[in-house]
Amino acid sequence: MSITELYDSFSDVEPTAPELPPDQSCSFFEQNASPKGQGLPKRPLYNARPPVYRLAAERPEHRAICFLAAQGLSITEIAQKTGWTTVMIGYVIKQEWAKELILEEIHKAGGDAVALTLQAEALPSIQKLIELRDSAESQRETQRKAANDLLDRIYGKAIQPICHSEAKLDELSDEELAAIVAKGKRN
């Protein structure tokens, strides 16, 4: 890409959005949010810097840059893969539409996959605990632990009170210190 082409791809003026039919007046993000209302929450990135230049138009290579950034590649790695300069990569990924696209791709690839995997494994895990609890071959301690784990999943862990006492250890006798140590070993 020549310097002239690079210069022409930037504009100090915000591009005007194309006229959309009334039913498509929402943003790209709103159009592509998940149908169950579980789309990516709209919040800005922490301490994100605004772009120095606003790109006049999105091009296919810009989208490829966003997909590589969503995969976790650094600006340098993206530049090596695409042949673009690190400065140009930085300009692209700082665009508002690029940030939305990157976050959306990260959300699609990570957040939903983890949640779905955990949800899919919940029932088999509970069934395994029941199997361990009810198995005659399991040791009694394993059965007890499985039963407690099931109860914890249903009702939550029981409250475990902790008592603190303040003592000046340098003022205690050796017998008193030994009693404290012995009590700690029993608990």
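The values are calculated or read from the model by the stated rules, or taken from the named source; none is laboratory data. This structure is a prediction, so every number in the text was calculated from the model and none was measured. Glycine also receives a Cβ, built like all others from the backbone with ideal geometry; neighbour counts cover every protein chain displayed.
Based on this model, can you work out whether V92 counts as within 30 Å of F67 (Cα to Cα) and either assigned to a loop (DSSP other than H, G, I, E, B) or touching a helix residue (DSSP H, G or I) at 6+ places or on another chain (Cβ under 6 Å) (or both)?
Yes.
Give me a count of the residues in the range 72-85 that are under 16 Å from E105 (Cβ atoms) and either touching a residue at least 24 places away in the same chain (Cβ under 8 Å) or crowded, with 16+ Cβ neighbours inside 10 Å (or both).
2
Looking at the range 123-150, I want the residues that are surrounded by 14 or more Cβ atoms within 10 Å (Cβ to Cβ) and have a partner that is assigned to a helix (DSSP H, G or I) and small (G, A, S) with Cβ atoms under 7 Å, at least 6 apart or on another chain. Which pairs are those?
L129/A146; L132/A146; R133/A146; R133/A147
Any idea which of A182, A136 is among the aliphatic types (A, V, I, L, M), assigned to a loop (DSSP other than H, G, I, E, B) and modelled with pLDDT of 85 or more?
A136
Six or more apart or on different chains, Cβ under 8 Å: which pairs go from a residue in the range 46-61 that's surrounded by 14 or more Cβ atoms within 10 Å (Cβ to Cβ) to one that's modelled with pLDDT under 85 and among the aliphatic types (A, V, I, L, M)? Could you list them?
R54/V13
Just checking, does the range 66-88 include any residue being assigned to a helix (DSSP H, G or I), of a type outside the set (K, R) and closer than 30 Å to I180 by Cα?
No, that holds for no residue.
When the range 144-168 is examined, which residues are found to be touching a Leu at 6+ places or on another chain (Cβ under 7 Å) and either modelled with pLDDT under 85 or of a type outside the set (A, V, I, L, M) (or both)?
D149
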